[in-house]
Amino acid sequence: MEVFGTTKHKIIHGDALQALQTMVPDSSVDLLFADPPYNIGKNFNGHIEKWDTEEAYLDWCYQWLDLCLQKLKPNGSLYVMTATQFMPYFDIYLRQRINILSRIVWSYDSSGVQARKYFGSMYEPILYAVKDKTNYTFNAADILIEAKTGAKRKLIDYRKAIPAAYSTEKVPGNVWDFARVRYRMDEYENHPTQKPVALLERIIRASSNEGDIILDPFSGTFTTCTVAKKLGRNCIGIEMQEEYIKIGLRRMQLAAEYKGEPLKRAIRSFENDVM
Ligand SMILES: C[S@@+](CC[C@H](N)C(=O)[O-])C[C@H]1O[C@@H](n2cnc3c(N)ncnc32)[C@H](O)[C@@H]1O
């Protein structure tokens, strides 16, 4: 396992279970975003993510989910993703251990595969949970969106003692429309399941404050850490594929932080890639 970055923004190159066990102190994380392999046969840089059985996949997930809960502060928040078919298992497992506040649907405009004989999947589920439902961060004012009733239709609420215009902004509901990251978009990286910056911006603004520690155990292209850094949060990103570590270093502008021989090796290949 190798660690790159600074004390505030760390990239760990290694296995999530091992890194969570050995590199992250218990009760130290304010916000955890976990976007694991979905067990649907995606190709992560030559590594096909497919377990022999669904049970084996779920057993593995329960192990890292337990560790994630252990790493969260008592007032911490957790967002977890997986494939639609596995989310019910996550939900049942987690609701016995943490307070699920929202079951979010990330809805998008096009599916990867155009289904012809069934209804193609146009969303991915996200569970949002907090350790203590009486004490957690939720910065509603930082994630307001337009409320059409007030802003566009300019309706008046006559149910009030003194009729007043409907407000022009609201906290988003649990269906989130964000375009998927596609080839040729500015933020596109060579990764099959990169999450959009806008999605992580909403999560990080809502559920953390400046200076908080955010952990992403399956960082991929390091969208979480890139947004966390941009918004003045600290972060720890774990990823097992070296190719994706290089993407993370570039996106987080951490190349200059490389030190030591293994790091020099990595930066050399990183420089070759970008030149
Ligand atoms: C769904 S992707 C995450 C995508 C990421 N959210 C993004 O925006 O790019 C899951 C990532 O987990 C990594 N991964 C798979 N198994 C892992 C493990 N045991 N430890 C650490 N990373 C792992 C894969 O290489 C892949 O990049």
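The values are calculated or read from the model by the stated rules, or taken from the named source; none is laboratory data. Keep in mind the model is a prediction, meaning the values are calculated, not measured. Note: ideal-geometry Cβ built from the backbone for every residue, glycine included; neighbour counts use all protein chains shown. Surface accessibility is based on the protein's heavy atoms, side chains included, excluding ligands, DNA and RNA. Shrake-Rupley method; radii C 1.70, N 1.55, O 1.52, S 1.80 Å.
Tabulated values for the structure
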item: In region 34-56, the residues that are within 11 Å of the ligand (Cβ to nearest atom) and touching a residue at least 24 places away in the same chain (Cβ under 8 Å); result: Ala34, Asp35, Pro36, Pro37, Tyr38, Asn39, Ile40, Lys42, Asn43, Phe44, Asn45, His47
item: Residue in region 151-168 that is open to solvent by less than 70 Å² (accessible area, probe 1.4 Å), in a helix (DSSP H, G or I) and at pLDDT below 95 present; result: yes
item: Entirely in region 1-104, the helices (runs of 4 or more DSSP H) that have 1 or more residues that are under 16 Å from Ile238 (Cα atoms); result: 16-23, 54-71
item: Residue satisfying all of: in region 123-136; closer than 20 Å to Met81 by Cα and out of contact with any Gly (no Cβ under 8 Å at 6 or more places or on another chain); surrounded by the fewest Cβ atoms within 10 Å (Cβ to Cβ) among these; result: Tyr123
item: So Arg103, is it in contact with a Pro (Cβ under 8 Å, 6 or more places away or on another chain) and closer than 21 Å to Thr224 by Cα; result: yes
item: Meets criteria (open to solvent by less than 70 Å² (accessible area, probe 1.4 Å) and more than 20 Å from the chain's Cα centre (by Cα)) for Ala147; result: yes
item: Candidates Arg250, Arg233, Arg184, filtered to the one that is more than 12 Å from the ligand (Cβ to nearest atom), crowded, with 23+ Cβ neighbours inside 10 Å and either closer than 14 Å to His9 by Cβ or modelled with pLDDT under 95 (or both); result: Arg233
